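A.B. asks: Handing you a structure now.
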Amino acid sequence: MARTPSKMVPLHKKAPPFSLTNTVNQEKVSLQSSKGKYGTLIMFICNHCPYVKHVNPELLRLAQDYGSKGISFIAISSNDVNAYPQDGPQQMKQKALELGYPFPYLYDETQEVARAYEAACTPDFFVYNKDLLLVYRGQLDDSRPGNNIPLSGKDIRQALDCLIAGNSVPPNQKPSIGCNIKWKELTTNG
């Protein structure tokens, strides 16, 4: 598994709009209609990545702990399903139902949303405030597969707690580490 870090895009950048299909119920989900009262956590994840499998339990706890506190959660998979069929929409639906995701699991077929967000890895996390300005990007916590550090979600929890309390999110943030997003090969005609 390739260890790829987040790009750590500039803070205070406006969240790019999107409208994608939720693989669980086939409904369109837009950023504007799904943003939270205090903040929105956008997570680029997938089914097959061992880093995502490792953090899934904490993603569920985060959504359970903060979903009723004005924080919205949106998961997006942007991987090339031709190369990684286990990350396809039907498999995404199965995974979301199996794990009980309490948030939409959206399919970014064109990969335009991942490119707009400058997502680099799975998992890659972006926390936006109520005005959809980026206040946090980076790791969930220090836990990684095999490093024996327990999952806590402490980095993202700190950011979400700051948003709810109306405080500034500390700018000293560590990149997430995960598998690289599986980009489609660009083909040229000619």
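Read-outs: derived from the displayed coordinates by stated rules, not from any lab. Keep in mind that what you see is a predicted model, and the values were worked out from it rather than measured. Cβ atoms come from the backbone with ideal geometry, glycine included; neighbour counts cover every protein chain shown.
A.B. asks: Along each of the three principal axes of the Cα atoms of the range 1-110, give the extent in whole Å, ordering the values from largest to smallest.
C.D. replies: Dimensions of the range 1-110 along the principal axes of its Cα atoms: 36, 31, 27 Å.
A.B. asks: Can you grab the distance from the C-alpha centre of the range 48-111 to the C-alpha centre of the range 116-190, Å, no decimals?
C.D. replies: One Cα centre to the other: 14 Å.
A.B. asks: Another question, then. Can you tell me the Rg and the Dmax, both Å, for the Cα atoms in the chain?
C.D. replies: Both quantities, over Cα of the chain: 15.5, 56 Å.
A.B. asks: Between beta-carbons, use under 13 Å as the cut-off and find the net charge around Lys184, counting Lys and Arg +1, Asp and Glu -1. Don't skip to the answer; put the middle values down first.
C.D. replies: Values: positive: Arg115, Lys182; negative: Asp80, Asp87, Asp108, Glu109, Glu112, Glu185.
Summing Lys and Arg as +1 and Asp and Glu as -1 gives -4.
A.B. asks: Between 0 and 90 degrees, rounded to the nearest ten: what's the tilt of helix 89-99 against the longest Cα principal axis of the chain?
C.D. replies: Rounded to the nearest ten degrees, it is 40.
A.B. asks: Here is a further query. With angles folded into 0 to 90 degrees, how steeply does helix 50-66 sit against the dominant principal axis of the chain? Use alpha carbons for both and round to 10.
C.D. replies: 40 degrees
A.B. asks: Another question about this same structure. Name the residues whose placed amide hydrogens come within less than 5 Å of the amide hydrogen of Ile76, ignoring near sequence neighbours (fewer than 5 apart) on the same chain.
C.D. replies: Those lying under 5 Å, H to H, from Ile76 are Met43, Phe44, Ile45, Leu106.
A.B. asks: For a quick protection proxy, order the peptides 119-126, 13-20 by their average other-Cβ count within 10 Å, most packed first.
C.D. replies: Going from most to least packed, we get 119-126, 13-20.
A.B. asks: Return the long-range amide H neighbours of Tyr136 (sequence gap of 5 or more, or a different chain), with a cut-off of under 5 Å between placed amide H atoms.
C.D. replies: Val127
A.B. asks: Let me ask something else about it. What Kirkwood radius, in Å to one decimal, follows from the Cα pairs of the range 23-75? Let's see the in-between values first.
C.D. replies: Working: mean 1/r = 0.0822 Å⁻¹.
This gives a value of 12.2 Å.
A.B. asks: Using modelled amide H (1.01 Å from N, peptide plane; none on Pro or chain starts), what sits under 5 Å from the amide H of Lys7, excluding residues fewer than 5 places away?
C.D. replies: Ala120
A.B. asks: Determine ³J(HN,Hα), in whole Hz, for all residues of the range 69-79 in sequence, where each value follows from phi through the Karplus function 6.51 cos²θ - 1.76 cosθ + 1.60 and θ = phi - 60°; x replaces Gly and Pro.
C.D. replies: 10, x, 10, 9, 10, 9, 9, 10, 10, 10, 5
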